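Trainee: A single structure is presented below for examination.
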Amino acid sequence: MTRLNTKDPQVFWRNYEAQLGEQVFAYALGRYIRGWEGFNTPLWGLLIATSGGFRFHHFPHESWIDALSRTTMGGEPPQERLIFIAQERLIALDLQEERLWWKKLLNPQPPLLVIRYQDDAGQAQELIAETEKKAAAILLALDPRRRNP
């Protein structure tokens with residue numbers, strides 16, 4: 001998928017839907033933590049609920065210092081990274097937030113989006129991403145038990 005350069009969010013999402021061929025229901029900013037083979041380090045990106053399932057989309061970026069050191073020392077530029085879990089492979093979704101006010105105050109942590117899914121081998125796996133509270137809309141869009149009829 002190519003990077004969509006636009007400052008207008010509505011245009012970005014229309015183009016994104018056109019490239020996917022799927023409708024985008026909800027999205028939130030998040031940081032992938034663990035749970036997907038081939039992704040070994042945390043990555044920032046968009047957590048997206050589409051008509052086809054769940055997507056994590058990391059858009060590559062690098063600072064000018066990174067670019068300079070990469071060109072002088074050699075190396076590859078950062079690559080776009082994608083995760084897709086089809087709707088029929090989703091087992092359970094949960095947004096875990098700290099409920100106790102004093103723990104929020106003393107040790108603030110972002111909510112965790114926890115997605116249980118079935119991998120290609122049929123085994124249950126768990127993907128975890130830090131996110132914002134806005135991610136609750138992703139749960140509503142992807143979990144048929146939570147949707148309004």
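The values are calculated or read from the model by the stated rules, or taken from the named source; none is laboratory data. Remember, predicted model here, so these are calculated numbers, not experimental data. So basically every Cβ, Gly included, is an ideal-geometry build from the backbone, and we count neighbours across all protein chains shown. The protein model used for the area step is the full one, side chains on, heavy atoms only, and it has no ligands, DNA or RNA in it. Shrake-Rupley method; radii C 1.70, N 1.55, O 1.52, S 1.80 Å.
Trainee: With every protein chain left in place, what is the accessible area per residue of the stretch 87-149 in square angstrom, probe 1.4 Å?
Mentor: 69 Å²
Trainee: Just add up the charged neighbours of residue 125: K/R +1, D/E -1, any other residue whose Cβ is under 14 Å from the Cβ of residue 125.
Mentor: For residues surrounding residue 125, the net value is -1.
Trainee: Report, largest value first, the span of the C-alpha coordinates of the stretch 89-134 along each principal axis, in whole Å.
Mentor: 42, 18, 13
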